[in-house]
Structure formats: C-alpha cells, structure tokens
Amino acid sequence: MINTWTWFAWTAASLIAISTTRNPLYLVIILLCLVIVILRLSILETSTDNPGRNFPFSLWRFAILLIVISSIFNALISKFGEMILFSVPGGIPLISGPVTLEALVFGALNGTVLFAIFFTFIILNRALPVRRLIKVIPKVFAPVAVVTTIAITFIPNTLRQYEQIREAQAVRGQAERLITLAKRGNEAGDAQMVHARRLAAARLSDPEAVKKLFDDIAPRYEDRPGGYTRMIKLGPRLGDAAEMVILELVED
C-alpha cells in the first residue's frame, strides 16, 4: 500500500491542478487521471482479496446534477458575454437581465471543477482508512483531525448507503411486481394465466418458484391492494460495512 504522506502529496497536487485551470481539455485529462487511479485501486483491492467498497455509480448522476445546477446558477447571476441566449424579464434582483452562453459555459466548468475536487477526496477516502488519516495528524490537532475525517468520509459514505438502499428497494419492487402479476394472472382467464406464468418464469428461471408464487403466495394476498413485502434493517456487514436487510412477506 502506498505511504500515507504520498497520498497526501498526490491529493495536494491534484487539488492545485484542478483549482488553477478552467480549460475544458485540461479538466477532462484530470478527470481521466482520477478515473484511472480509482480503477487501479479497485484492481488492487481485488488482487489482495479485499472486498473494498463498490464505486457508487450514483456519483456520476451527482456530477451531472452539480454541473447543471452550477451552469444555471452562473448563467442567471453572472452578466457577462456577448452571445445572449434569452433575457429574464421583470425586476428580480440579480436574476433579471440577459443570460449569455459564455456565463452558462463558465458555470459548467465551475461545476466540473467542484466535482473533480469532490472526486479527489473520494479517492483519498477509498485509499486511506480513517485511522491512518488521524494517525498522521499531531495530537495537538486531534479535534481538527476528527472534523477533517468526518468531512472527507461523510458524503462518500452517504452516497454508498444511498446506492445500497436503492438496490434493496429495487429488489423489493421486483418482488411486489411479481406478486401483482401472479394475482392478475389468477384472476384472469386461462390464456392470460398461461401468459403471466411465462412472464414470471422468464424472471425467476425456477419452475418450483413460479408454482409457489401462483399457487401459494398470490392467493394469500387476494384482497390486499399492495404492500406485500417489508424490509428489516440488520445494520452493516462485517468486512465491507455494506448495509444488510431482510426482505420478508407481510403476514395478515
């Protein structure tokens, strides 16, 4: 594993490179370098049998959202540029007036810079455990070390937990839809029931599970309009700290 101070030096160099440019080409190169670093970390975690932490794909949605918000905000607030897209009428302070293409693009670049800075801290959080971050800071600055560590780890951990919750909710949604499909198939005619069983078989790939779904589970919820399942949180799993839940059928 790379030395802790080496990671600090890499982080400082990355932040300097990011904050001193608004050139789109340079920003793209920096982001590609950051992606290469995090992919390399993933390979190292796999080769050392370390489960690591899954890279949150919602991070890219966060990047798009950040760039869009930054573009709109800068376009409305900044009044510079010659290529006017449209004008905001009325006497709204700071907002009314021309909206230019130059201000919109500059806002998108600022959003990209903010995301690159955020991405750098995510990589640092993934490369260094919290205990190593605190260990290198002098004891005199222990309170500052704790606050800094929380700031570095809070948002990445929140994004990972959000992604894990979404995955659990997606599984729950599939179960709910399968039960609804079985209920409607049982209530319909023979032809539609056969069609419903084929749809369920394509998703489950287990004839016994399909039979149990239509013959046992669906009749149980004949008079229930929805909400056939519930999730019980078990807390984080040892090793990779992934949130665990139990998905079970609701009993009347």
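Any read-out appearing in this document is the output of simple, stated calculations on the displayed coordinates, not a laboratory observation. All values reported here derive from a predicted model rather than from experimental measurement. Here the Cβ is made from the backbone with ideal geometry for all residues, glycine too, and neighbour counts use every protein chain on show.
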Notebook entry, point to check: What area, in nm² and to one decimal, does the C-alpha convex hull of segment 4-128 cast on average over all directions?
Noted result: 9.1
Checklist line | Long-range amide H partners of residue 245 with built H, under 5 Å | finding: 234
Notebook entry, point to check: What residues qualify as long-range amide H neighbours of residue 85, i.e. H under 5 Å apart, gap of 5 or more or another chain, H built at 1.01 Å from N?
Noted result: 99, 100, 101
Check: chymotrypsin sites (Phe, Trp or Tyr not before Pro), restricted to segment 60-100: which are DSSP loop and have at most 16 other Cβ atoms within 10 Å?
Finding: 80
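Counting other C-beta atoms within 10 Å, which of 180, 6 has the fewest, and how do the rest follow?
6, 180
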